[in-house]
Amino acid sequence: MSRVVLEDLQSYRGAGEEIRQAIQSPGVEGVQEKAWSAVVPLVAKLKTFYEFSQKLESSLRCLLDVLTSSASTPTQHLEQKQALARQFAHIMHFTLRFDELKMTNPAIQNDFSYYRRTISRMRINNVSADRGNEVNNELANRMSLFYASATPMLKTLSDATSKFVSDNPDVPIENTTDCLSTMACVCKVMLETPEYRSRFTSEETVLFCLRVMVGVIILYDHVHPAGAFVKTSNIDMKGCIRVLKEQPPSSVEGLLNALRYTTKHLNDEATSKQIKTLLQPN
């Protein structure tokens, strides 16, 4: 399913032209209908993406439940439960890839705004929209909040991780933060050690590792009281940023932006000038 969602998002072209014509010719029935017919199936796709984010959220909570239990150390958990750790990594990879694609596609919000405006106009004029296609008001509000974020999937998972920590006060917060920092460390070591790096069969594997590393750093930054950027953090942020900066800029710009704009503590006073400078856009 995640592959289908990414393919659908990658090929998402939007109804910009039809919407533009509909706005320019408000009284022409045929033009309005054409725009509406173009937007409805797109909104159905956006609804599928949103519903998938809800599934991911509950999967993430189940994985955190197992990977943070006090039975073993984070390293032991990741070694003994490799299939679950891999599942967690796949969720992170999907999340960062989804948000990279969403960030570069303004059509998504334009289409959804047009859909909402049209639906409310229909309600005022007592025109019924096709019931099967309509996104009800409550769902539309939730979707609107979701797509308003620059990185909607990351925001969903960061909020879910923070909620997991607050809902489970009996689980020491270190169980969660240590699990995340261990994963970040594993990714960084695999990327910067020539011996491991030479085993990567494709550029896609490198990107997979980079996305997982950035994803777990962002989750860590949201749940650790002091965040990922302080000196006492268990994540070597300078090393992680250096690894990112060594990649071709075109493949990591979205990931650097995710660190710049979706972390919670980057602009704290406790964050060193050096890290802030490293993350400055060129």
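The values are calculated or read from the model by the stated rules, or taken from the named source; none is laboratory data. This one's a predicted model, so the numbers in the text were calculated from it and none came from an experiment. Note: ideal-geometry Cβ built from the backbone for every residue, glycine included; neighbour counts use all protein chains shown. Just so you know, the surface numbers come from the protein's heavy atoms only, side chains and all, with ligands and any DNA or RNA stripped out. Shrake-Rupley method; radii C 1.70, N 1.55, O 1.52, S 1.80 Å.
Just a few scattered comments:
- When you filter the trypsin sites (Lys or Arg not before Pro) in region 231-269 for DSSP loop state and at most 12 other Cβ atoms inside 10 Å of their Cβ, you are left with LYS231.
- Taking label positions 7 Å along the Cα-Cβ direction at both SER58 and ALA270, the computed distance is 3.6 nm, reported to one decimal.
- Two-site label geometry, SER166 and ARG117: point separation in nm, points 7 Å out along Cα→Cβ: 3.5 nm
- Between the helical axis of 173-192 and the longest alpha-carbon principal axis of the chain there is an angle of about 90 degrees.
- Helix 107-124 vs. the chain, principal-axis angle (Cα, 0 to 90°, nearest 10): 40 degrees
- Helix-only [θ]222 nm of the chain, DSSP H runs n ≥ 4, -39500 (n - 2.57) each, per residue, nearest 500: -24000 deg cm²/dmol
- Heavy-atom accessible area with a 1.4 Å probe sorts ASP221, ASP159, largest first, into ASP159, ASP221.
- Tensor-based shape of the chain (alpha-carbon gyration tensor, a/c under 1.5 rounded, otherwise prolate or oblate): prolate
- Electrostatic tally near LEU78: other residues with Cβ closer than 12 Å to its Cβ, Lys and Arg +1, Asp and Glu -1, net 0.
- Taking a ≥ b ≥ c as the square roots of the eigenvalues of the Cα gyration tensor, an a/c ratio of 1.5 or more together with a/b no larger than b/c marks region 139-185 as oblate.
- Three-way shape label, region 166-282, alpha-carbon gyration tensor, a/c 1.5: oblate
- Across the options SER69, PHE52, VAL40, the greatest Cα extent toward the positive end of the charge dipole of region 36-146 (unit charges at beta carbon of Lys, Arg, Asp, Glu) belongs to VAL40.
- Cβ-Cβ distance of ALA107 and GLU192, R₀ of 45 Å, FRET efficiency by 1/(1 + (r/R0)^6): the value works out to about 0.75.
- Residue-count net charge about GLU100 - beta-carbon cut-off 13 Å; Lys, Arg +1, Asp, Glu -1: +1
- Förster-model FRET efficiency, 22 Å R0, SER202 and ARG3, C-beta, rounded to 0.05: 0.85
- Per-residue SASA entry for GLU195, accessible area with 1.4 Å probe, Å² rounded to 10: 110 Å²
- HIS93 accessible area, assembled protein chains, probe 1.4 Å, Å²: 30 Å²
- Extension gain for the segment ALA83 to SER250, taken as residue separation times 0.36 nm less the Cα-Cα distance, is 57.0 nm to one decimal.
- Per residue, the chain exposes an accessible area of 51 Å² to a 1.4 Å probe, with every protein chain left in place.
- Accessible area (Å², 1.4 Å probe, nearest 10) - LYS276: 60 Å²
- Only Cα pairs under 8 Å and 6+ residues apart enter the sum, and on that basis the relative contact order of region 203-253 stands at 24 percent.
- Fully extending the segment from ASN125 to VAL28, taken as 0.36 nm per residue of separation minus the present Cα-Cα distance, adds 33.3 nm.
- Look at the dipole of the chain built from charges on Cβ: of LEU207, GLN24, VAL186, the Cα furthest out on the positive end belongs to GLN24.
- For region 33-76, the carbon plus sulfur part of the accessible surface works out to 56%, probe radius 1.4 Å.
- Of LYS188/LYS276; LYS47/LYS264; LYS81/LYS188; LYS102/LYS264; LYS163/LYS238; LYS81/LYS102, those spanning more than 24 Å from alpha-carbon to alpha-carbon: LYS47/LYS264; LYS163/LYS238; LYS81/LYS102
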